[in-house]
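The values are calculated or read from the model by the stated rules, or taken from the named source; none is laboratory data. Being a predicted model, the structure only gives us computed values, none of them experimental. Cβ atoms come from the backbone with ideal geometry, glycine included; neighbour counts cover every protein chain shown.
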Amino acid sequence: MTELTRQPKLELHLHLEGAAPPAFIRDMARKKSVDLSRIFEAQGNYAYRDFPDFLRVYEAACTVLTTPQDFHDLVLAVLEQSAAHGVIYSETFLSPDFCGGGDLLAWRDYLSAMDAAAEQAKARFGITLRGCVTCIRHFGPENARQIALCAQETAGGFITGFGIAGDESQFHPQDFAYAFDAAREAGLGLTAHAGEWGGPDSVRAALEHLGVSRIGHGVRAIEDSTLVDYLARAGVVLEVCPGSNVALGLYPDWTSHPVNKLRRAGVAVTISTDDPPFFHTTMTQEYQRLTQAFDWGENDFAAIAQTALAAAFCDADTRAEIAKTLEAT
Ligand code: ADE
Ligand code: ZN
């Protein structure tokens with residue numbers, strides 16, 4: 001185990017289904033006699049051409065996750081991996097769309113299975129998980145209302161956040177204001193994917209219409225220095241996933257990635273993997289690449305962990321417990 005593996009990490013941006021190891025999905029497909037061979041390449045990894053195709057492959061993989069037990073097992077498998085890379089606190093996006101088709105009663109069953117798995121993972125691997133209910137932008141605003149209802153009805157305890165993922169080119173943040181208002185009223189922390197495939201205006205619109213404290217990705221804010229200054233002054237936290245951005249072709253390589261410039265400009269950045277097996281990454285590998293590309297070291301990673309801790313959607317007791325763990329390591 002390397003120093004970087006051991007470095008304690010907090011991960012705020014992880015899609016549960018997107019973290020499913022390909023072997024896990026293949027196994028489910030075989031058990032359920034579903035032919036998913038088209039979404040895997042010869043070596044057994046997920047195969048996709050570009051971002052829209054990635055979303056299609058992602059959703060195809062989700063079709064074999066059909067029971068609360070499947071999600072229970074997935075949470076355990078994912079958290080074992082995360083913990084092996086030094087993650088002590090994780091927040092994962094959970095989509096009721098993929099857990100019972102957005103039906104509230106079904107969602108409750110899936111949720112209790114995932115919550116139980118998170119408890120087991122805490123006992124076995126020492127990792128704490130919180131859930132962020134997520135609507136999918138390209139499924140549309142009506143659908144998002146239903147997902148917000150699921151979030152509202154199950155807010156508290158394990159569910160601490162609400163977000164939006166999916167195709168940023170579809171609809172406008174304004175269309176999702178109702179869903180975010182409902183989630184805010186339920187006391188949930190708010191985050192939105194923006195500034196990944198959309199430019200600075202997309203980030204501005206998410207902040208203005210959705211009232212989020214965190215932005216998923218947000219890296220294209222770098223294209224507008226006024227916005228960068230605003231993010232720094234307002235303390236908006238970016239959930240940056242550099243390996244994801246490079247793998248999806250948003251930037252040609254790590255040295256071109258703006259994470260270092262954003263941080264040097266005073267923006268609160270955190271580091272996550274997004275959908276690790278899709279992007280052939282792990283939290284350790286993200287840290288290794290940051291070291292190689294920008295010479296980040298132990299002090300930088302300790303500072304990143306504190307930024308993530310302050311931005312985490314968790315209660316004060318959990319925050320204090322994670323702070324203690326960080327102090328002790
Ligand atoms: N869902 C899973 N990964 C995503 C990403 N990188 N952007 C938008 N939606 C996603
Ligand atoms: Zn994401």
(message) Name the single residue that is farthest from residue 99 (Cα to Cα) among those in the range 32-54 being surrounded by fewer than 18 Cβ atoms within 10 Å (Cβ to Cβ) and touching a residue at least 60 places away in the same chain (Cβ under 8 Å).
(response) 50
(message) Being part of a helix (DSSP H, G or I), under 19 Å from residue 214 (Cβ atoms) and in contact with a strand residue (DSSP E or B) (Cβ under 6 Å, 6 or more places away or on another chain) is the filter here; which residues of the range 312-329 pass it?
(response) 322
(message) farther than 19 Å from residue 191 by Cβ, in the same structural domain as residue 197 (by TED's automatic domain parsing), within 14 Å of ligand 1 (Cβ to nearest atom) and not acidic (Asp, Glu): is that true of residue 281 in this structure?
(response) yes
(message) Quick check on my filter: what residues within the range 189-235 are on the phi > 0 side of the Ramachandran plot, within 16 Å of ligand 1 (Cβ to nearest atom) and assigned to a loop (DSSP other than H, G, I, E, B)?
(response) 195, 218
(request) Report yes if residue 163 is assigned by TED's automatic domain parsing to the domain that holds residue 97, within 14 Å of ligand 1 (Cβ to nearest atom), over 24 Å from residue 316 (Cβ atoms) and in contact with a strand residue (DSSP E or B) (Cβ under 8 Å, 6 or more places away or on another chain), otherwise no. (result) no
(request) Name the one entry in 29, 121 that is assigned by TED's automatic domain parsing to the domain that holds residue 250 and either without any contact (Cβ under 8 Å) to a residue 60 or more places away in the chain or of a type in the set (Asp, Glu) (or both). (result) 121
(request) Kindly provide the set of residues from the range 1-31 that are crowded, with 20+ Cβ neighbours inside 10 Å and among the charged types (D, E, K, R), ordered by number. (result) 9, 11, 17
(message) Would you confirm, using the coordinates I've provided, whether residue 196 is without any contact (Cβ under 8 Å) to a residue 60 or more places away in the chain and touching a Cys at 6+ places or on another chain (Cβ under 9 Å)?
(response) yes
(request) Can you work out which of the residues in the range 91-113 that are acidic (Asp, Glu) and away from ligand 2 (no atom under 16 Å from the Cβ) is nearest to residue 76 (Cα to Cα)? (result) 109
(request) Take residue 191 and decide whether it is in the same structural domain as residue 273 (by TED's automatic domain parsing), of a type in the set (Val, Ile, Thr) and free of Cβ contacts under 8 Å to residues at least 24 places away in the same chain. (result) no
